[in-house]
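Scroll down for the structure; my scribbles are underneath it.
The values are calculated or read from the model by the stated rules, or taken from the named source; none is laboratory data. Predicted model, so just to flag it, every value in this text is computed and none were measured. Here the Cβ is made from the backbone with ideal geometry for all residues, glycine too, and neighbour counts use every protein chain on show.
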Amino acid sequence: MTFDDVWLSDDEEFKPNTSEMYGSIENEPKHADLLSLKRKHAKQGYLDGISKAKEESLQQGFDDGYPIGARIGALVGEILASLKLLLDSSMISVNDYDTALKELNITKVLQPEFFDSKLNIAGERTHPAIQKWTAFYESKLDA
């Protein structure tokens, strides 16, 4: 049988010549090299795909989270500026101001415990540290 004739008669059975199709034993290292190269490219394609997906999800996470972080940062900045004015007016102590600086440090304010599983925060003004220092500031103004 030759490969020129693609149609077999009913009494013929397809029996490929494996050495023709896959190479003979002396060609086996070439076959192994081909498999190795195929594995290498498949692995690289997989890694490229994972990297691309991570970059896209990282960018999406940044795009979604930046406005929230910016609003919280601005609110913390307003509170600290207000407390600094109270400190300069001798309405609060240096100790109170230093404590506020520590508690309103952005790394503490943005701790994972303040976010849900989808990284949403209930509300900037409901954050415990922000509520505490906003109330502290307002109580000093009312005094």
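Tabulated values for the structure
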quantity	calculated
Any chance VAL76 is over 32 Å from the mean Cα position of the chain (by Cα) and of a type outside the set (Asp, Glu)	no
Which numbered condition LEU104 fails, given (1) at pLDDT below 85; (2) within 14 Å of GLN131 (Cα to Cα)	(1)
Residues of the range 93-132 satisfying the condition of being of a type in the set (A, V, I, L, M, F, W, C) and either in contact with a Ser or Thr (Cβ under 9 Å, 6 or more places away or on another chain) or within 30 Å of GLN60 (Cα to Cα) (or both)	LEU104, ILE106, VAL109, LEU110, PHE114, PHE115, LEU119, ILE121, ALA122, ALA129, ILE130
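Let's see how each residue does on (1) part of a helix (DSSP H, G or I); (2) surrounded by 10 or more Cβ atoms within 10 Å (Cβ to Cβ):
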| site | (1), (2) |
| --- | --- |
| ILE92 | no, yes |
| TYR97 | yes, yes |
| LEU101 | yes, yes |
| LYS108 | yes, yes |
| SER117 | no, no |
| ILE121 | no, yes |
| ARG125 | yes, yes |
| ILE130 | yes, yes |
| TRP133 | yes, yes |
